[in-house]
1. Report the semi-axes of the equivalent ellipsoid for the chain in whole Å, largest first, where each axis is √(5λ) for an eigenvalue λ of the Cα gyration tensor.
2. Can you work out the PRE-style zone for L162? Point 7 Å along Cα to Cβ, and I want the residues of region 97-112 with backbone N under 13 Å.
3. Pull out the extension gain between S25 and M118, defined as 0.36 nm times the separation in residues minus the alpha carbon to alpha carbon distance; nm, one decimal.
4. Using 0.36 nm per residue, how much length does the chain from A127 to L33 gain when fully extended, once their Cα-Cα distance is taken away?
5. From the residues A4, G126, A103, which one has its Cα farthest along the dipole of the chain in the positive direction, the dipole being from +1 and -1 charges on Cβ of Lys/Arg and Asp/Glu about the Cα centre?
6. Need one number: nm distance between label points at S10 and L154, each 7 Å from Cα along Cα→Cβ, rounded to one decimal.
7. What does the charge count around S7 come to, taking other residues whose C-beta lies under 15 Å from its C-beta (Lys +1, Arg +1, Asp -1, Glu -1)?
8. Counting Lys and Arg as +1 and Asp and Glu as -1, each charge on the Cβ, what is the dipole of region 17-167 about the Cα centre in debye, to the nearest 20?
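Each reported figure results from applying straightforward, stated rules to the coordinates on display, with no laboratory input. Predicted model, so just to flag it, every value in this text is computed and none were measured. Heads up, the Cβs are rebuilt from the backbone with ideal geometry, glycines too, and the neighbour counts pull from every protein chain shown.
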Amino acid sequence: MLFAYISGSSFVLQDVFGLSGTTFSLLFGLNALALVATGQANARLLDRFDPRRLLVTTLLVGAVAAIGVLGGALAGSLVLVALTLVVFVGSLGMVMPNSTALALDTHGRHAGTAAALMGGVQAVVGALAAPVVGLGGEGSALPMAAVMAGAAALSLLAVLTLARAPR
């Protein structure tokens with residue numbers, strides 16, 4: 001999800017929507033700030049909520065935001081794309097640490113191996129996201145938005161159907 005945004009956002013926001021380099025940089029920085037802020041909020045929220053609940057909630061928020069990016073791309077709305085990108089990227093500040101913690105929690109003494117496997121899978125998926133966004137064509141925000149929405153929906157579906165619920 002993150003690599004679709006990273007690989008496509010400059011092209012989409014500058015070439016498709018006509019933002020200047022400075023304006024794009026400010027928006028990219030705002031998205032990074034949202035990612036960090038939600039990561040910090042996550043640490044505090046873990047005192048009140050279990051990580052699976054936070055993960056499912058933020059995956060749902062991220063999926064809705066990604067659908068908003070897709071809707072903004074279809075409508076040609078810079079405002080909708082920009083606003084929903086902030087929400088989408090911000091949601092990853094809770095998705096990434098909670099999904100990692102939950103995945104490693106069940107592996108005990110094999111956590112190091114599990115972490116290496118997770119990192120390898122993430123690197124491969126991230127490496128595939130960039131060309132998929134690029135293959136979608138020029139002059140449209142749709143390829144980036146579609147990859148983001150698809151990845152968000154698949155992630156939510158995987159957690160709801162494949163991940164073990166707490167006992």
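1. Values: eigenvalues 168, 58, 40 Å².
So the equivalent ellipsoid measures 29, 17, 14 Å along its semi-axes.
2. Counting only backbone N, you get 103.
3. Additional length available on full extension: 30.5 nm.
4. Working: separation 94, 0.36 × 94 = 33.84 nm, distance 2.38 nm.
Residue separation times 0.36 nm, minus the Cα-Cα distance, leaves 31.5 nm.
5. The Cα lying farthest towards the positive end belongs to A103.
6. Placing both labels 7 Å beyond Cα along the Cβ direction yields 2.5 nm.
7. Summing Lys/Arg as +1 and Asp/Glu as -1 gives -2.
8. 480 debye
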